[in-house]
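Asker: Before anything else, here's the structure in question.
The values are calculated or read from the model by the stated rules, or taken from the named source; none is laboratory data. Being a predicted model, the structure only gives us computed values, none of them experimental. Glycine also receives a Cβ, built like all others from the backbone with ideal geometry; neighbour counts cover every protein chain displayed.
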Amino acid sequence: MRKFKEVLSWSLVILLFATLTGCPGVEQTTDADEGVANVRRTIILQYTRQGRLTPAVRERLMALTTSDELQDYAKQQDEAYLDQLPIDGRLCMEMLNEVVRIGPRWSGSVGMLKQQQILDKHFSNLGGKVEYQRFRVRNPISKQGVETVDMANMIIRWHPQRTRRILLCAHYDTRPFPDNDPDPGKRRGVFVGANDGGSGVAVLCALAEKMEEFESEFGVDMVLFDGEELVYNSSRDPFFLGSTHFAREYAATSQRQKYVAGILLDMVADADLQIYQEVNSRRMAPRVVQQVWATAKRIGVPELRPSARHEVRDDHLPLNEIAKIPTIDLIDFDYPSPQKRETYWHTTEDTVDKCSAISMAHVGWVVWEWLKGLK
Ligand SMILES: [Zn+2]
């Protein structure tokens, strides 16, 4: 996707300030004490962001006196918390690791083929009906002698007999190179796309476990778009090849089955998850934005922040503009954090260690609750 512009948001600055000033340990003097205080502060900040800092947990964190104790306690808490969540965060992480381990997965690559095999097996085992929407595009770097690239959107249908349907989607190709890396020497290196390319896929893999039991008048199609960024040169090469093809096909055929709404998942695994309302989504699919954020508020997932921050050009544009499917982009564009100037986006730093099982489970949980509440 491409960042278009940023809308200033101060709510996070206020939250951060409140959290830090509310956190003892700042007065400590020795290096060791300072280190412990930092570990404690980081855990408290993270738990606050994730909406799970109970008074009991806070009290326990204040009582622990070494970094090891604090980290062990946090690990135990994380594991226990993951057990309670309705979406399996460990499965998200497993699938994320599995696709990232393949390496680069750009359109037409051997890595993409391997990924399709892994995902095909995963979704089929859970009862999904897997189809491929195949098409061909001009290779942006045809000078290499390869004129075209074979593309495939992967479509996984659940309850295919239901005529009113929901679209849950993500791109599953990775950018050919980490061309935004701060080190110019790495910009033609390896890009594995954990958060950008892997995370949406991973969340859909975990949501798939819920699909057979999904009792509703709505059916669900999960669509993994190819060619979101078969881009070597941002000012020359077209984006959104897969979603544009999908949207055109949908608009061109008279449909017995109709999509009533859609959610696009992109960059949803960041350990420091903060998802603001994306500006184009608010403009083109305001009802879905309102429903999804109300759901997050109801179940207590504060990582979905109720204000706008970024305007992003992503796969949801062709879905809204060509297919007329009201679709929002759930995206955390501040990777790792709005408080930091650096970004891992399109760099060699976009790796699984920056991602979190809880973040992915939280996003999946919001989507699942939203689905269940649809009327
Ligand atoms: Zn990208």
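Asker: Does at least one position in the range 112-129 carry a residue that is crowded, with 16+ Cβ neighbours inside 10 Å and either in contact with a Ser or Thr (Cβ under 8 Å, 6 or more places away or on another chain) or modelled with pLDDT under 95 (or both)?
Answerer: no
Residue-wise test of (1) more than 16 Å from the ligand (Cβ to nearest atom); (2) not aromatic (Phe, Trp, Tyr).
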position	(1), (2)
Pro184	yes, yes
Glu215	yes, yes
Gly227	no, yes
Tyr232	no, no
Leu241	no, yes
Arg248	yes, yes
Ala252	yes, yes
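Asker: So Ile263 fits all but one of (1) aliphatic (A, V, I, L, M); (2) touching a His at 6+ places or on another chain (Cβ under 7 Å); (3) over 18 Å from Thr48 (Cα atoms); what number is the exception?
Answerer: Ile263 satisfies every listed condition except (2).
Asker: Out of the residues in the range 326-368 meeting the condition of being part of a strand (DSSP E or B) and in contact with a helix residue (DSSP H, G or I) (Cβ under 6 Å, 6 or more places away or on another chain), tell me which one is nearest to the ligand (Cβ to nearest atom).
Answerer: The initial filter retains those residues of the range 326-368 that are part of a strand (DSSP E or B), namely 327-331, 355.
Okay, now just the ones that are also in contact with a helix residue (DSSP H, G or I) (Cβ under 6 Å, 6 or more places away or on another chain), so 327-329, 355.
On the way: Thr327: 18, Ile328: 18, Asp329: 12, Cys355: 15 Å.
Ranking the qualifying residues of the range 326-368, first place goes to Asp329.
Asker: Which of the residues spanning the range 56-92 are surrounded by 15 or more Cβ atoms within 10 Å (Cβ to Cβ) and not in a helix (DSSP H, G or I)?
Answerer: Selection gives Leu64, Leu85, Ile87, Asp88.
Asker: Would you be able to say whether some residue in the range 193-206 is modelled with pLDDT of 95 or more, surrounded by fewer than 18 Cβ atoms within 10 Å (Cβ to Cβ) and either in a helix (DSSP H, G or I) or more than 11 Å from the ligand (Cβ to nearest atom) (or both)?
Answerer: Restricting attention to the range 193-206, the residues satisfying the condition of being modelled with pLDDT of 95 or more are 193-206.
Among the residues that remain, those that are also surrounded by fewer than 18 Cβ atoms within 10 Å (Cβ to Cβ) are: none.
Checked the range 193-206: no residue is modelled with pLDDT of 95 or more, surrounded by fewer than 18 Cβ atoms within 10 Å (Cβ to Cβ) and either in a helix (DSSP H, G or I) or more than 11 Å from the ligand (Cβ to nearest atom) (or both).
Asker: Being modelled with pLDDT under 95, surrounded by 13 or more Cβ atoms within 10 Å (Cβ to Cβ) and not hydroxyl-bearing (Ser, Thr, Tyr) narrows it down to one of Leu230, Leu224, so name that one.
Answerer: On the way: Leu224 fails: modelled with pLDDT under 95.
Selected residue: Leu230, the only one of Leu230, Leu224 that is modelled with pLDDT under 95, surrounded by 13 or more Cβ atoms within 10 Å (Cβ to Cβ) and not hydroxyl-bearing (Ser, Thr, Tyr).
Asker: Taking only the range 207-231 into account, find how many residues are out of contact with any Asp or Glu (no Cβ under 8 Å at 6 or more places or on another chain), under 19 Å from Asp329 (Cα atoms) and not in a strand (DSSP E or B). Break it down stepwise before answering.
Answerer: Let us first name the residues in the range 207-231 that are out of contact with any Asp or Glu (no Cβ under 8 Å at 6 or more places or on another chain), namely 207-208, 210-224.
From the residues that got through so far, the ones that are under 19 Å from Asp329 (Cα atoms) too are 207, 220-224.
Pick out the ones that are also not in a strand (DSSP E or B) and you get 207.
Within the range 207-231, residues that are out of contact with any Asp or Glu (no Cβ under 8 Å at 6 or more places or on another chain), under 19 Å from Asp329 (Cα atoms) and not in a strand (DSSP E or B) number 1.
Asker: Does Asp237 satisfy the criteria of being touching a residue at least 60 places away in the same chain (Cβ under 8 Å) and within 16 Å of the ligand (Cβ to nearest atom)?
Answerer: Here the answer is yes, as Asp237 does meet what is asked.
Asker: Also, quick follow-up: Name, by its number, the condition in (1) in a loop (DSSP other than H, G, I, E, B); (2) within 16 Å of the ligand (Cβ to nearest atom) that does not hold for Leu264.
Answerer: Every listed condition holds for Leu264 apart from (1).
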